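In what follows, a single structure is set out as structure tokens and then discussed.
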Amino acid sequence: LLLRWRRRRGLWRKVAEAQQRQERSLVQMETAARRFREQHPSVNVVSILSLPLPELSKKLRDGSLPLDYVFYAYVGKALQIATETNCITEYLQESETQLRKAKLTGKQGLLYGVPVSIKDSIDCQGHDSTLGFIKNINKPAAEDSVVVQVLRRQGAIPFVKTNVPQSLISYDCKNLIFGQTCNPLLYTKTSGGSSGGEGALVGGGGSILGIGTDVGGSLRFPAAFCGICALKPTGKRLSKRGIMSGVTGQKAVAAAVGPIAKDVESLALCLRALLCEDMFSLDSTVPPLPFNEEVYSSTQPLRIGYYETDFFTMPSPAMRRAIRETKQLLEEAGHTLIPFELTNVDYVIFNFCVRGMFADGGTSFVKKFKGEMEKGSTGVFFWLAKSPHWLKAVLSWIAKPFVRCSLPACFDTFIGFVFFFSTVDEVWSLHHEIEEFCHQFIAQWKKLNLDVMLCPMLGPALGIGYPGKLSVAVSYTMLYNALDFPAGVVPVTMVTDEDEEELKGYKGYYRDWWDRTLAKAFRGSVGMPVAVQCVALPWQEELCLRFMKEVETL
């Protein structure tokens, strides 16, 4: 007991150090912003913050807007949003040095002088990438991740790192070190996750461009919940070197790094900047595919597949209305909308995603929590992973009536791969099955001669704490990680009083505890944003963005 007490005391000391560094960061930001205001009292900060990224970057490059005006305007605004939502973990003070050098050299890239926020799990030299784990405190990265290196070479100025949930395997945003990040639009709602700090900061206007990651919706949830846009590219379109992962080594569910911003044009500008020779030379595993302007700027009518539900997670009234209204607007604009039938999504989620990510019986995931004081919402999973096989067998029999699967094979998969290990042969078979599913999905897509797909996006934002109880609700987003298709989100409407009233009749497809809990999580959201998902085939990010732009414009 004494040894355990001493160890916990040491862990709390490390947490206190990280929290003090976070507090110092906010003080440094406040000092820098105040000093700038005193030296330049006539600068119209509000007008700077109102500029969209393409216009802002143009003014920075042509010299009509000084770099320090923009930088300190965003430092001040970011401080305000961080105070309100707890989204920033660290201020990158060397950004002020980079700002001075940029002013002296005048070397310009596409993002010259643009302040950019960076997710905690993306390495920045000299700074921790904690993933919300105490063990990662005081372990600064030796060098910048490739994506941060390319941003710097394009003139961008990374200036803050943002909060994440412990382990990243959550679409909430809370950890023992930095605490809970709130939604800037309504503090009782989550900002989403795992790029939740980015969602809150960009959604609140404290950053004009952020970089995050996505392994099951980790960019799309924060964007949808906070009323902004994000793009999850094909897994290997942008480099993941120097980016920490929640589940290391698994290949079944494709992770991706991507941008998050207020509008689609900002996402496109970011992708233009990143898809350059620097990216391809720094990481030769990234295919040398520069941004395709012709595809992005095309005005040809599109053939668009759509569906209102995946028949696994029942959409909220606002989600269903968002799809119907967007479909109608697209048809009125001259596009062709074709119904697309989804089947067996429960099998995909449990058999491909859960089974694929935890095929080792959760061993590698559990190891990450060794020596940590908090297990978040994964306490039961830990207990199961450490239980003897005979107990797992008994528990699997008891659990059978409560697992939401319509197919017997789906249940067997869920039990087998949450409670037991997979053999190498089984993992190889799984990977082959995922490949076959992807080919079948593409064949169905091409049979309908589709260009893109319009899909629901979970929303509105759930109440704080609910994502940990509702891991099954990732079905709308995680499907496209399993398929490794580019997918973006665009806010299209807000929850109305009528939506809230209709929600009282929400039962779900299974009428189980999960469905009842999801109905509670949606409540109290009048005025909150609701988004749709825009999806394209692999490597067609430009077409995906073009479709997102069309939806945004309409």
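The values are calculated or read from the model by the stated rules, or taken from the named source; none is laboratory data. All values derive from a computational prediction rather than experimental measurement. Ideal geometry is used to build each Cβ from the backbone, glycine not excepted, and the neighbour counts take in all protein chains shown. Note: accessible area is taken over every heavy atom of the protein model, side chains too, but ligands, DNA and RNA are not part of it. Shrake-Rupley method; radii C 1.70, N 1.55, O 1.52, S 1.80 Å.
Just a few scattered comments:
- Proximal lysines relative to Lys447, as straight alpha-carbon distance under 26 Å, when same-chain residues fewer than 8 apart are discounted: Lys232, Lys327, Lys549
- Semi-axes of the equivalent ellipsoid for the range 208-258, Cα gyration tensor, largest first, Å: 20, 12, 9
- Residue-normalised accessible area of the range 1-291, expressed per residue, 1.4 Å probe, Å²: 37
- Cut-off 18 Å (backbone N to label point 7 Å along Cα→Cβ of Asp62), residues of the range 74-113: 108-113
- The antiparallel fraction among DSSP beta bridges confined to the chain stands at about 65%.
- Here the accessible area of the chain is 56 percent carbon and sulfur, with a 1.4 angstrom probe and all protein chains present.
- For the chain, the relative contact order comes to 16 percent (Cα pairs under 8 Å, sequence separation of at least 6).
- Seen from every direction in turn and averaged, the convex hull around the alpha carbons of the range 283-369 projects onto 10.3 nm².
- Sparse-neighbourhood loop sites, GluC sites (Glu not before Pro) in the range 309-369 - DSSP loop, at most 12 other Cβ within 10 angstrom: Glu341
- A 1.4 Å probe over all protein chains sorts Phe291, Phe369 by accessible area into Phe291, Phe369, starting with the largest.
- Convex hull volume per residue in cubic angstrom - Cα atoms of the range 1-291: 129
- Convex hull volume per residue in cubic angstrom - Cα atoms of the range 429-488: 98
- Solvent-accessible area of Asp451, all protein chains in place: 50 Å² (probe radius 1.4 Å, heavy atoms, ligands and nucleic acids excluded).
- Computed about the Cα centre, the dipole magnitude for the chain is approximately 2080 debye when only Lys and Arg (+1) and Asp and Glu (-1) carry charge, each at its Cβ.
- Qualifying aspartates and glutamates (Cα of each under 14 Å from Cα of Lys59; at least 8 residues distant if same chain): Asp68
- Spin-label model, Lys135 to Trp5: label points 7 Å out along the Cα-to-beta-carbon direction sit 2.6 nm apart.
- Antiparallel bridges, percent of DSSP beta bridges restricted to the range 1-291 (to nearest 5): 65
- Spin-label model, Arg100/Arg34: points 7 Å from Cα along the beta carbon direction are separated by 2.1 nm.
- In this structure Leu2 has an accessible area near 120 Å², from a 1.4 Å probe over the protein heavy atoms.
- Virtual paramagnetic centre 7 Å along Cα→Cβ of Thr553, amide N under 15 Å, in the range 294-312: 294-303
- Relative compactness, the range 1-151, computed as alpha-carbon Rg over 2.2 N^0.38 Å: 1.22
- The 1.4 Å probe gives accessible areas that order Met478, Met453, largest first, as Met478, Met453.
- In the structure shown, the pairs Lys119/Lys236; Lys58/Lys103; Lys77/Lys520 are assessed against 22 Å; a Cα-Cα span above that value is assigned to Lys77/Lys520.
- Spatially close Lys pairs in the range 132-203, defined by Cα atoms under 17 Å apart and a spacing of eight or more places or different chains, total 4.
- Here Thr188 sits with roughly 100 square angstrom of accessible surface, probe radius 1.4 Å.
- The Cα atoms of the chain cover 72, 69, 50 Å along the three principal axes, with the biggest extent listed first.
- Separation between Cα centres of the range 333-358 and the range 235-311, rounded to whole Å: 20
- Heavy-atom SASA rank of Ser422, Ser47 (probe 1.4 Å, accessible area, largest first): Ser47, Ser422
- Inverse of mean 1/r across different Cα pairs in the range 32-112, Kirkwood, Å: 13.6
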